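Below: the structure, in structure tokens.
The values are calculated or read from the model by the stated rules, or taken from the named source; none is laboratory data. These figures come from a predicted structure and were not determined experimentally. Note that we place each Cβ from the backbone using ideal geometry, even for glycine, and neighbour counts take in every protein chain shown. The area values use the complete protein model at the heavy-atom level, side chains included, leaving out ligands, DNA and RNA. Shrake-Rupley method; radii C 1.70, N 1.55, O 1.52, S 1.80 Å.
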Amino acid sequence: MRSVLLVPFLFLPLTAGSDVTGKEFDQKPNFVLMVVDDLGIGDIGCYGNDTIRTPNIDRLASDGVKLTQHIAAAPLCTPSRTAFMTGRYAIRSGMVSTGRVRVLLFLGGSGGLAPSETTFAKRLQQQGYTTGLVGKWHLGVNCKHRRDHCHHPNQHGFSYFYGLPFTLFNDCVPGEGSDVLVDLQHALQNLTMLLGVGLLTIVCVRVCGLFEVGLWLLVLLFFLCILATAVWYVPFKFLPTWNCIIMRNQEVIEQPMTMETLPQRLLGEAENFIKSYLNFNVRLVTVIGSVYNDNFHIISGKAMGGWEGGIRVPGIFRWPGRLRAGKVVDEPTSLMDLYPTLKYLAKDKQPDRQSDGYNLMPLLEGEVARSEHEFMFHYCGIYLNAVRWHPPGSDSIYKVHFFTPNFFPPGAGGCYDTKICLCHGEHVTHHDPPLLYNLFHDPSESRPLTPDTEPRYAEILEQTAKAVERHKSTLPNEQAPADANSEANTAEQGVELQLTWDKILWRPWLQPCCGTFPFCGCKENTTHM
């Protein structure tokens with residue numbers, strides 16, 4: 001039985017591997033996938049950083065293949081991870097949003113990766129692999145009650161799970177404040193205070209006998225104050241308890257989690273899994289960046305729309321004896337390519353559904369010189385905001401922006417008022433004609449092309465428009481790309497959006513709990529570690 005370990009939160013400097021011969025290529029290899037949140041290309045020495053030392057990652061790159069045009073399907077974790085796991089744009093799974101909330105915010109919400117969706121872990125299990133996930137999930141937990149675990153990693157192909165079913169918001173770190181709907185928290189707090197002041201004023205008026213106030217009004221205002229306080233205080237002030245937990249498989253083992261020892265525990269669990277199943281006979285080690293925020297010369301960063309700074313990520317593949325050490329691939333590749341690549345290596349030839357990724361092995365092994373990604377589509381929430389085109393027979397990579405987020409303050413490189421750039425209405429600027437860049441010559445997207453500076457200007461826009469129509473035609477029963485000024489009617493499209501308010505907001509009956517709800521609390525026994 002072969003094994004695969006996914007470590008989607010903590011980077012492991014794992015370099016274990018064995019040289020393989022041609023005869024061994026026919027065997028199914030083991031895989032170790034390391035997905036690192038918010039790791040920028042500019043953070044790593046092998047991608048040009050000369051101030052921060054990253055020797056272990058650099059060694060993986062020198063021993064393997066480094067990708068320089070590796071693209072995430074979204075500049076945020078929930079849709080990006082969805083695309084990574086499924087090999088498809090997140091819009092196909094409904095893991096996109098029409099409004100301001102573009103990631104899951106509460107473990108007690110009902111949204112998440114649908115049980116009917118197929119992940120590469122499910123496909124590998126069908127091929128006899130033992131699969132493990134250590135680290136972060138952030139693709140949902142429950143649907144109807146706190147023990148159905150319909151979105152849980154165990155339901156999506158992972159034999160073993162240890163780590164964070166949610167993500168590491170500031171709320172999880174003492175003293176770091178909150179970054180979950182902060183403006184809504186303030187609005188609800190102010191409303192509560194206003195109702196409290198109103199109630200106190202009316203009580204004083206009644207006591208002083210200035211005019212008659214019915215007791216029913218006082219009772220009504222009192223219960224309104226209690227309700228407003230509960231709506232604001234319970235979901236938000238208990239966020240460290242509700243969201244910041246550790247699970248082993250489907251059991252909550254720590255709530256809230258202790259941050260100081262978390263890295264060591266994640267590392268220990270990953271090492272234990274490797275020792276138990278992989279026996280250090282690792283054939284393919286991959287390192288994948290997942291939305292980056294240190295952009296060096298590239299515009300913007302995490303959650304800042306379709307600019308390169310939010311979607312171009314590090315990508316390293318190591319397989320001694322099969323992949324040539326020190327190889328660099330400058331062709332466009334995608335996080336979605338992992339799904340078909342793993343299927344190919346696991347010799348999975350069973351029919352599958354619509355895929356947006358391509359098998360990387362011919363490119364990594366040098367059998368072909370060009371990527372199969374002629375077009376890539378970039379989404380801001382549910383809205384298609386940019387397309388890149390790598391024309392056949394050309395080194396150029398053109399990028400067309402249909403709309404871009406409005407940065408704040410003006411002239412800044414991001415949306416520092418809302419932290420996450422929004423994708424609709426007054427929060428974006430539409431471009432007619434679209435903005436056009438040649439990423440081969442202008443990776444910073446600072447010099448838009450015009451008909452005077454680019455002879456192929458009209459052809460690029462025409463070919464891109466045709467590609468968009470072809471892309472839409474692949475979604476007949478799914479959520480088609482919507483205009484940024486319109487609301488999508490998902491009921492007619494056949495795919496239920498998972499990031500709507502009714503699925504995101506906290507529900508007590510869905511909250512994972514260690515102990516008796518609402519008195520949730522426990523600490524992991526680490527004496528054996």
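In the stretch 384-473, which chymotrypsin sites (Phe, Trp or Tyr not before Pro) fall in coil by DSSP and have 13 or fewer other Cβ atoms within 10 Å?
Filter output for the stretch 384-473: 416.
List the lysines whose Cα sits under 22 Å from the Cα of residue 472, skipping any in the same chain fewer than 8 residues away.
Cross-link targets: 399.
Can you send over the carbon and sulfur percentage of the accessible area for the stretch 126-252, probe radius 1.4 Å, protein chains only?
67 percent
How would 505, 76 rank on accessible area, largest to smallest, probe 1.4 Å?
505, 76
For residue 523, go through the aspartates and glutamates and keep the ones whose alpha-carbon is under 20 Å away, minus same-chain ones fewer than eight residues off.
Reachable aspartates and glutamates: 171, 251, 254, 260, 269.
Taking only protein heavy atoms into account and a 1.4 Å probe, give the accessible area per residue of the stretch 86-207 in Å².
That works out to 34 Å² for each residue.
Whole-Hz Karplus ³J(HN,Hα) for the stretch 246-261, in order, using 6.51 cos²θ - 1.76 cosθ + 1.60 and θ = phi - 60°, x for Gly and Pro?
Ordered by residue, 3J(HN,Hα) equals 10, 10, 10, 6, 9, 10, 6, 10, 8, 7, x, 7, 8, 5, 4, 9 Hz.
Rounded to the nearest 10 degrees, what's the angle between the helix 182-208 long axis and the longest principal axis of the chain, both from Cα atoms, 0 to 90?
That helix lies at roughly 0 degrees to the long axis.
Go ahead and estimate [θ] at 222 nm for the chain from helices alone: -39,500 (n - 2.57) per DSSP H run with n ≥ 4, summed, over the residue count, rounded to 500.
Values: 13 runs with 133 residues, N = 529.
Dividing the helical sum by the residues of the chain leaves -7500 deg cm²/dmol.
Long-range amide H contacts for residue 428: which residues qualify at under 5 Å (H placed 1.01 Å from N, peptide plane, sequence gap of 5 or more or a different chain)?
406
Which order, highest average first, do 147-154, 320-327 follow once you tally other Cβ atoms within 10 Å for each residue and take the mean per peptide?
147-154, 320-327
Would the stretch 118-232 count as rounded, prolate or oblate if I go by the C-alpha gyration tensor, calling it rounded below 1.5 in a/c and otherwise prolate when a/b exceeds b/c, oblate otherwise?
Judged from the Cα gyration tensor, the stretch 118-232 comes out prolate (a/c at least 1.5, a/b above b/c).
Give the peptides 198-209, 261-272 in descending order of average Cβ contacts within 10 Å, highest first.
Highest mean packing first, the order is 261-272, 198-209.
Using unit Cβ charges (K, R positive; D, E negative) and no other charged atoms, how large, in debye to the nearest 20, is the dipole of the chain about its Cα centre?
1480 debye
List the residues whose amide H sits under 5 Å from the amide H of residue 334, counting only those 5 or more places along or on another chain, with H placed 1.01 Å from N in the peptide plane.
When sequence neighbours closer than 5 places are left aside, the close amide H contacts are 71.
If you find the alpha carbon centre of the stretch 311-352 and of the stretch 201-239, how far apart are they in angstrom?
60 Å
Could you calculate the FRET efficiency of residue 452 with residue 211 from 1/(1 + (r/R0)^6), where r is the beta carbon distance between them and R0 is 51 Å, rounded to 0.05? Before the final figure, lay out each step's value.
Values: r = 75 Å, r/R0 = 1.48.
Computed FRET efficiency for residue 452 and residue 211: 0.10.
Starting from the amide H of residue 254, placed 1.01 Å from N in the peptide plane, find each other amide H under 5 Å away whose residue is 5 or more places distant or on another chain.
246
Could you sort the peptides 81-89, 377-385 by per-residue average Cβ neighbour count (10 Å cutoff), highest mean leading? Could the numbers behind the result be given before it?
Numbers: 81-89: 28.1, 377-385: 25.3.
The packing order, highest mean first, is 81-89, 377-385.
What is the Cα centroid distance between the stretch 125-148 and the stretch 254-271, reported in whole angstrom?
Each part's Cα centre sits 18 Å from the other's.
What chymotrypsin sites (Phe, Trp or Tyr not before Pro) in the stretch 203-250 are in a loop by DSSP, with at most 11 other Cβ atoms within 10 Å of the Cβ?
Values: sites: 211, 216, 222, 223, 232, 233, 236, 238, 242; in loops: 211, 238.
Answer by residue number: 211.
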